[in-house]
Structure formats: C-alpha cells, structure tokens
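Asker: One structure coming up, written as structure tokens, with questions to follow.
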Amino acid sequence: MSEVGRLILLGAPLGNAADASARFREVLTTADVVAAEDTRRLTRLARDLDVTVPGRIVSYFEGNEERRTPELADVLSAGYVVALVTDGGMPSVSDPGYRLVRAALDAGVPVTAAPGPSAVTTALALSGLPSDRFCFEGFLPRSPGARRSRLRALAAEERTLVLFEAPHRIAPALADLAAAFGPDRPAALCRELTKTYEEVLRRPLGELAEWAAEGEPRGEITLVVGGAPPAAASRPDDETLRAAVAEREAGGLSRRDAITEVATEYGLRRREVYTVVHS
C-alpha cells in the first residue's frame, strides 16, 4: 500500500480467454481489490488463464454501481490499488466504470488502463465498411418512440455508425433502422465476437431486419452501419422543416424543444429553423 492508490481499468477478453494480455494477467495477481461486473465470470476467466487472484474480489455492476463507487473511492484514497474489470472489453464503454473513474479523478487518484479487446473496434474492422471515420452510439433507447427519434437524428450522419443492441431488441431496432436510414443502407451484424459461434452478417439493413424477424438471434450483438451518402446530409426544404417541428409539437414537445430537436437532427442552427417556422 502507498500513500496514493491507483485505479486500473482492465480490457477483458470478449470471449476467447487467449486474448488476455500479459499485463491483464499481472494486474489480476497484484491488485489489492478487483471490482468485477460478474464475480463468477471473473473466477472462470482466472481459472482459464491459470492465475490466482489474491486480492479481495467485489461485485461492481449496474445494480450496485452507485452505492459501491464511494466505497471503492475510499479504498483508493487509502492507498490501495483497485482493478476494474467488466464482462468483456473496456470498463465504462457501455459498461460500468464511468462513475468510479470520475470519483477517482475527483479524489486525485491516478487512473490508468491495461488496454485490451474492444467490441467496437473489432466489429468495425470486420464489417468491411469504411473505418477511417466512425462514431459510437452505444445502446439505442429502449422505448420505440425514443429509439425512432434518435435514429431520425442520426439518419444524415456520414460517418460509419457502431451500436450495441440486446438480442431481444435487435429485430425492432433493425426494422426502425431500415425505416430511418433506408433498407439499402449497408450494415454488418456482428454476433458473439471471438467466441465459438462468432458470426458476421454483412447485408443491407432491410435484409438484416428480415433475418432478425425470423427468430431472435442469441448472444452479444454489435451492429455496424454505413454512413449516409453526402447527398443525404443536404438541408431539407422549408416545408419539410415546418412539418418536422409540427410533428414533434403534436407529440407533446414545446415549440422551443421541437425546434431544437429538428435543428439537431438536420445539423442546422436553431435560429435557422426558428426563422423558417415563424416565417
């Protein structure tokens, strides 16, 4: 133990234990505390890696993240080394971790990482879609209305898009994607990356939506969607803007919020949309 502790974010294998780095193994065997999203999964991984975790293992997942963060922050402030590991990939990337990173930094505790596999970049590389510029959206909203609104806002995005989605929501999500982006937009559905039943389906969104509707896919899913062609990012005409604002007002938004949302969706200044609506 030292006067100042240290938080280490561990990039865990997505499925194949052989992807664990030497540093990942080393940190597991030297950390004072290992905070794991799933302690049973960590125990199995350690066994597969043939390493012993001598430090205290505690659970750190969505259900207890808010409560446990102050406890771990106190451990870090006391001078101990805490390793944070999630079920796969890097902590805090659509996984628990952000709160603890923020708490450690606010307490003046150093934060570092033992980089490892990432479902985001792995799927992007395997997709066959442009990877020089991309954006990561994480999980789409769960409610259909919020999901469709979010997709409308992303429809003109020219960068390749990477999303996570749960198996039981992938069929309606793909249907909404095809409706918002067009059924011919190229995409790749990556399932169970690095695992025994890894599968990458490279098809247009419409075909993927039909495939998913035939039966619920299993496993962890990362979806990569090609960016909009440049023409799709052009400014809509005034009537389209007025109709978009009116639609949102009919849905319960104030005119101010409706104008703001439409401006965001089409990449316009709020003042521009305001002028069109009030002309």
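Asker: Would you call Ala125 free of Cβ contacts under 8 Å to residues at least 40 places away in the same chain, outside any strand (DSSP E or B) and either at positive phi or within 22 Å of the chain's Cα centre (by Cα) (or both)? Lay out the reasoning, then the answer.
Answerer: Values: free of Cβ contacts under 8 Å to residues at least 40 places away in the same chain: yes; outside any strand (DSSP E or B): yes; either at positive phi or within 22 Å of the chain's Cα centre (by Cα) (or both): yes.
When the stated conditions are applied, Ala125 passes them.
Asker: Answer yes or no as to whether Val27 is under 28 Å from Thr121 (Cβ atoms) and either touching a residue at least 40 places away in the same chain (Cβ under 8 Å) or part of a helix (DSSP H, G or I) (or both). Step through it out loud before you land on a result.
Answerer: Working: under 28 Å from Thr121 (Cβ atoms): yes; either touching a residue at least 40 places away in the same chain (Cβ under 8 Å) or part of a helix (DSSP H, G or I) (or both): yes.
So Val27 passes the test.
Asker: Additional query: Need the failing condition index for Glu239 against (1) in a helix (DSSP H, G or I); (2) closer than 22 Å to Phe136 by Cα; (3) open to solvent by 10 Å² or more (accessible area, probe 1.4 Å); (4) at pLDDT below 90, just the number.
Answerer: All conditions pass for Glu239, except number (2).
Asker: The conditions are (1) part of a loop (DSSP other than H, G, I, E, B); (2) surrounded by 14 or more Cβ atoms within 10 Å (Cβ to Cβ), and Glu261 fails exactly one of them. Which is it?
Answerer: Status for Glu261: all satisfied but (1).
Asker: Restricting attention to segment 61-91, which residues are out of contact with any Gly (no Cβ under 8 Å at 6 or more places or on another chain), of a type in the set (S, T, N, Q) and in a helix (DSSP H, G or I)? Outline the logic, then answer.
Answerer: Of segment 61-91, the ones out of contact with any Gly (no Cβ under 8 Å at 6 or more places or on another chain) are 61-74, 85, 87.
The next check asks that each one be of a type in the set (S, T, N, Q); those that pass are 64, 69.
Result: Thr69, single match.
Asker: Among the listed residues Gly226, Gly206, identify the single one that is modelled with pLDDT of 95 or more, surrounded by 17 or more Cβ atoms within 10 Å (Cβ to Cβ), out of contact with any Leu (no Cβ under 8 Å at 6 or more places or on another chain) and not aliphatic (A, V, I, L, M). Break it down into steps so the answer makes sense when it comes.
Answerer: Values: Gly226 fails: out of contact with any Leu (no Cβ under 8 Å at 6 or more places or on another chain).
Step by step, each of Gly226, Gly206 is checked, and only Gly206 is modelled with pLDDT of 95 or more, surrounded by 17 or more Cβ atoms within 10 Å (Cβ to Cβ), out of contact with any Leu (no Cβ under 8 Å at 6 or more places or on another chain) and not aliphatic (A, V, I, L, M).
Asker: Give the number of residues within segment 128-162 that are open to solvent by 40 Å² or more (accessible area, probe 1.4 Å), farther than 22 Å from Leu253 by Cα, small (Gly, Ala, Ser) and free of Cβ contacts under 8 Å to residues at least 60 places away in the same chain. Outline the logic, then answer.
Answerer: Here is the first cut: in segment 128-162, the ones open to solvent by 40 Å² or more (accessible area, probe 1.4 Å) are 128, 130-134, 136-137, 139, 141-146, 148, 150, 152, 157-159.
When the remaining residues are screened for being farther than 22 Å from Leu253 by Cα, the result is 128, 130-134, 136-137, 139, 157-159.
Of the ones still in play, those that are also small (Gly, Ala, Ser) are 128, 131.
Checking the rest, the ones that are also free of Cβ contacts under 8 Å to residues at least 60 places away in the same chain come to 131.
Qualifying residue count for the region: 1.
Asker: With the requirement that a residue be of a type outside the set (Phe, Trp, Tyr), without any contact (Cβ under 8 Å) to a residue 60 or more places away in the chain and either open to solvent by 30 Å² or more (accessible area, probe 1.4 Å) or within 19 Å of Thr29 (Cβ to Cβ) (or both), what does segment 81-103 give you? Steps first, answer last, please.
Answerer: Here is the first cut: in segment 81-103, the ones of a type outside the set (Phe, Trp, Tyr) are 81-97, 99-103.
Going one step further and asking which of them are without any contact (Cβ under 8 Å) to a residue 60 or more places away in the chain, we end up with 93, 95-96, 99, 102-103.
Passing the criteria: Val93, Asp95, Arg99, Arg102.
Asker: So, Glu158, is that one within 19 Å of Arg218 (Cα to Cα) and among the acidic types (Asp, Glu) or not?
Answerer: Values: within 19 Å of Arg218 (Cα to Cα): no; among the acidic types (Asp, Glu): yes.
Judged against the criteria, Glu158 is not a match.
The values are calculated or read from the model by the stated rules, or taken from the named source; none is laboratory data. The structure presented is a predicted model; accordingly, all values stated were derived computationally and were not measured. Glycine also receives a Cβ, built like all others from the backbone with ideal geometry; neighbour counts cover every protein chain displayed. These accessible areas exclude ligands, DNA and RNA; they are computed on the full protein's heavy atoms, side chains included. Shrake-Rupley method; radii C 1.70, N 1.55, O 1.52, S 1.80 Å.
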